[in-house]
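Below is one structure, written out as C-alpha cells; comments come after it.
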Amino acid sequence: MSENDRFERLLRAALPPTIAGAPGHELWTRVVDRLDAPRRWSRVDLSLAVFVAIMLSMFPEGLFLLAYHL
Amino acid sequence: MRPHPYLRAYMAGVTVPTAVLLAAIAIYAYFRFYFEVPNQFVIPLPGPPLERAIVFPMAVVPNMWGAWNMLHLATRSRSPLSLGMHGALLPIILIPSGIALARLLDVFTIQPQFALPMFPVGMTVYYLAWKYLVGFLNEEVGIA
C-alpha cells in the first residue's frame, strides 16, 4: 500500500461522507430562476405611481412641466 | 470584465429621456403637422419657436441623466442610496435649472406656488424611472 493510499484511507475515515447533507433538489436552478425573474412592483412603488396619477389629475398643467424635465 | 463602464453608464442613462423626448415630439408633430394646430395650442407656450423650448429637454436633460448614472456608478460603493433614490435627487437640480433656462429663453414663466407641488411628483416619477427603467438598462449593459 502506497503512502497516498494510506493517506486517502485515513482521510476517508476521519471525515464523514457529505452525501447525506446534500440538498434534495438543485439549488443553482433556483438561483438562476430568481435572477431571471422579471422585477415586480412593490406595494410602495405602486402607491407612488397612484400618487403621481392623482397629483397629475389634480394639476394637469403639471404634465407639461414634467414632460419638460424628462 | 468588459471595459469602459462609465461610457456604458452614460449610454444607459441617456436612453430613457431620449426615448421620452422622441414620444413627445411625435405627439407634437402629429398635432402640429397633421391637424395643423397652431404651435401654442399643442404645447402651451407663449408663442416662441420650438427650437427655444426644446433646448432643455433635448440637450440638457439626457446629458444630465447620463452624467448622473456615471456618478452613481462612481459612488455606489460608498453611497447608501439605491439607484432609485439616487435618481430621485436629480430633479432638485433639474427643475430649478429648467425653470431658470425657460425664463431666460422666454419659453415660459411659472409661479413658485405652482412649481413647488410638482417637486414631489417629479421626484417620484424620477424614482420609479430610475429604479425600473435605468436599472433595467444598467443590467443590460452589465453595470448593475
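Having 2 or more residues that are hydroxyl-bearing (Ser, Thr, Tyr) and in contact (Cβ under 8 Å) with a residue 24 or more places away in the chain is the bar; report the helices (runs of 4 or more DSSP H) wholly within region B:50-143 that clear it.
Numbers: elements: B:50-53, B:61-75, B:83-88, B:90-104, B:112-128, B:135-140.
Output list reads B:112-128.
Taking the residues in region A:33-60 that are of a type in the set (Lys, Arg) and part of a loop (DSSP other than H, G, I, E, B) as candidates, determine which candidate is nearest to the other protein chains (Cβ to nearest Cβ). Full working, then the answer.
Of all residues in region A:33-60, those of a type in the set (Lys, Arg) come to A:34, A:39-40, A:43.
Now drop any that are not part of a loop (DSSP other than H, G, I, E, B), which leaves A:39-40.
Details: A:39: 7, A:40: 10 Å.
Of everything passing the filter in region A:33-60, A:39 is nearest to the other protein chains (Cβ to nearest Cβ).
Is it the case that some residue within region B:111-119 is within 12 Å of chain A (Cβ to nearest Cβ), exposed (fewer than 15 other Cβ atoms within 10 Å of the Cβ) and either in contact with a Cys (Cβ under 8 Å, 6 or more places away or on another chain) or modelled with pLDDT of 85 or more (or both)? So that I can check it myself, show each step before the final result.
Here is the first cut: in region B:111-119, the residues within 12 Å of chain A (Cβ to nearest Cβ) are B:111, B:113-119.
Restricting the remaining residues to those that are exposed (fewer than 15 other Cβ atoms within 10 Å of the Cβ) gives B:111, B:113-114, B:116-117, B:119.
Still in the list and also either in contact with a Cys (Cβ under 8 Å, 6 or more places away or on another chain) or modelled with pLDDT of 85 or more (or both): B:119.
There is at least one residue in region B:111-119 that is within 12 Å of chain A (Cβ to nearest Cβ), exposed (fewer than 15 other Cβ atoms within 10 Å of the Cβ) and either in contact with a Cys (Cβ under 8 Å, 6 or more places away or on another chain) or modelled with pLDDT of 85 or more (or both).
Residue B:65 passes all but one of (1) at pLDDT below 90; (2) within 11 Å of chain A (Cβ to nearest Cβ); (3) over 21 Å from residue A:55 (Cβ atoms); which number fails?
Of everything listed in (1) at pLDDT below 90; (2) within 11 Å of chain A (Cβ to nearest Cβ); (3) over 21 Å from residue A:55 (Cβ atoms), residue B:65 misses just condition (1).
Among the listed residues A:63, A:11, identify the single one that is over 24 Å from residue B:92 (Cβ atoms) and in a helix (DSSP H, G or I). Break it down into steps so the answer makes sense when it comes.
On the way: A:63 fails: over 24 Å from residue B:92 (Cβ atoms).
One residue alone meets the criteria, A:11.
The values are calculated or read from the model by the stated rules, or taken from the named source; none is laboratory data. Note that the coordinates shown come from a computational prediction; the quantities given were computed from them, not determined experimentally. Every residue, glycine as well, gets a Cβ built from its backbone with ideal geometry; the counts of neighbours run over all protein chains shown.
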